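Heads up, the thing below is written out as C-alpha cells.
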Amino acid sequence: MVSRLTPFYSDVQTHYDLSDDFFALFLDPSRTYSCAYWDRPGITLEQAQLAKIDLALGKCDLRPGMTLLDIGCGWGSTMLRALQRHQVNVIGLTLSRNQFHHVQARLAARTGGPRAEVRLQGWEEFDEPVDRIVSIGAFEHFRQERYEQFFDFAYRTLPADGIMLLHTIVIYGLNHLRQNGIRLTKDDFAFMRFMLTEIFPGGQLPLPTGQAPRGVREYAEQAGFEVSRIHPLQMHYAKTLDHWAEALRENRSRAVELSSLETYGTYMRYLTGCAELFRGGIIDVMQFTCGKPGTGHLSD
C-alpha cells in the first residue's frame with residue numbers, strides 16, 4: 001500500500017538542484033556525493049568513491065536477475081555500478097529534478113544489459129516488491145517523524161531473504177560525547193544551525209543507537225530487521241570533505257561565475273566545517289546492514 005506521506009521535494013531540491021555544473025567542480029567524475037572509502041593508500045577520490053559503492057553493494061548479497069531499489073540515487077553512480085558488476089535490475093529514486101534528468105541520460109546511453117530506470121519519486125510513493133534495497137546519503141532527509149514508516153516500508157517491500165544497506169550520517173548523543181571527553185561549543189551549535197538553514201533545510205541526523213531516544217538500530221529492529229553490522233566510516237568522510245573543499249577552492253572563479261561569491265563562501269564553510277565535526281567525533285557516518293531474520297544475510 002502506497003504511503004499517504006508526501007516526500008520532501010522542496011527541501012531536497014533547494015540543495016541538490018543548485019547547479020549540476022557547480023557540484024561537478026568539487027565532486028569526482030561520477031558525481032558521487034557521499035563519503036568515499038579510502039581502502040588503500042595512494043588512490044584518487046574517484047577510486048575511493050568506487051570502493052565505497054562496492055563496499056555497500058557487497059553487503060547486499062546481490063545475484064544476477066534480482067531487482068535493486070536505490071533510494072536517493074543521486075547522479076546514478078551506484079545504479080550504474082550495480083548494473084555493470086552485479087547484473088541486477090535497478091530502480092533509482094530521487095527527489096531532485098537535476099539528478100533525475102542526469103540519470104535518465106546516463107541510462108539512455110546504455111546498450112543492452114539488465115533493466116534500469118530512474119524515477120522522480122520518494123520511497124513514500126513507491127509500492128513494488130524488490131529483492132534488495134540500498135540507500136546512501138538519503139536517510140538524513142527523512143526526518144525522525146518518518147523513521148518508523150520508512151523501516152516498515154523497507155521491511156514490507158523486501159522478500160523473506162531481503163537485505164537493506166543503509167548508509168547515513170549520524171550524530172552522537174550527549175552521553176556518548178561526555179563519556180569520550182568531547183565538548184560541544186557554541187561554535188558547534190552555530191555551525192549545525194547554519195547547516196539546517198543554509199545547506200540542508202529540513203534535514204535531521206539520527207542517533208546510531210540508543211534507547212531514549214531511539215537510534216537507527218532500534219528503528220530497524222522494531223520493524224523486524226536484524227542489524228548484523230554497523231560499520232563506521234568517520235575519518236573516511238573527513239578525508240572526502242577535504243578533497244571536495246580543495247577542489248572547490250581550486251575552482252573558485254568558476255564557482256562564483258556559476259553561482260555567486262556568497263554561495264561559494266557558504267559551500268566552503270559547509271565542507272570545511274563538516275570535516276571538523278567528523279574529526280572532532282561529534283558526527284559519524286555508518287553503514288547499517290539490515291536483513292530479515294533467519295536469512296543468514298551477510299555482515300561483511
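The values are calculated or read from the model by the stated rules, or taken from the named source; none is laboratory data. This one's a predicted model, so the numbers in the text were calculated from it and none came from an experiment. Don't worry about glycine lacking a Cβ; one is built from the backbone with ideal geometry, like all the others, and counts go over all protein chains shown.
Descriptive notes on the structure:
- Checking every residue in region 163-178 against the condition of being of a type in the set (Ser, Thr, Tyr) and more than 19 Å from the chain's Cα centre (by Cα) gives zero matches.
- Within region 134-156, residues that are closer than 17 Å to residue 192 by Cα reach partners that are modelled with pLDDT under 95 and of a type in the set (Val, Ile, Thr) with beta carbons closer than 9 Å, at six or more positions or on different chains, in the pairs 141/12.
- Contacts under 7 angstrom Cβ, first residue in region 258-279 being of a type in the set (Val, Ile, Thr), partner assigned to a helix (DSSP H, G or I) and modelled with pLDDT of 95 or more, 6 or more apart: 272/245
- Filter pass, residue 168 being out of contact with any Phe, Trp or Tyr (no Cβ under 9 Å at 6 or more places or on another chain), β-branched (Val, Ile, Thr) and either free of Cβ contacts under 8 Å to residues at least 12 places away in the same chain or not in a loop (DSSP other than H, G, I, E, B) (or both): no
- Looking only at region 52-79, and only at residues there that are more than 24 Å from residue 160 (Cβ to Cβ) and of a type in the set (Ser, Thr, Tyr), the one that is surrounded by the most Cβ atoms within 10 Å (Cβ to Cβ): 78
- Residue 253 being crowded, with 17+ Cβ neighbours inside 10 Å and of a type outside the set (A, V, I, L, M): no
- Just one of the numbered conditions (1) more than 30 Å from residue 62 (Cα to Cα); (2) in contact with an Asp or Glu (Cβ under 9 Å, 6 or more places away or on another chain); (3) in a loop (DSSP other than H, G, I, E, B) is not true of residue 184: (2).
- Residue within region 35-43 that is among the hydroxyl-bearing types (Ser, Thr, Tyr) and over 20 Å from residue 169 (Cα atoms) present: no
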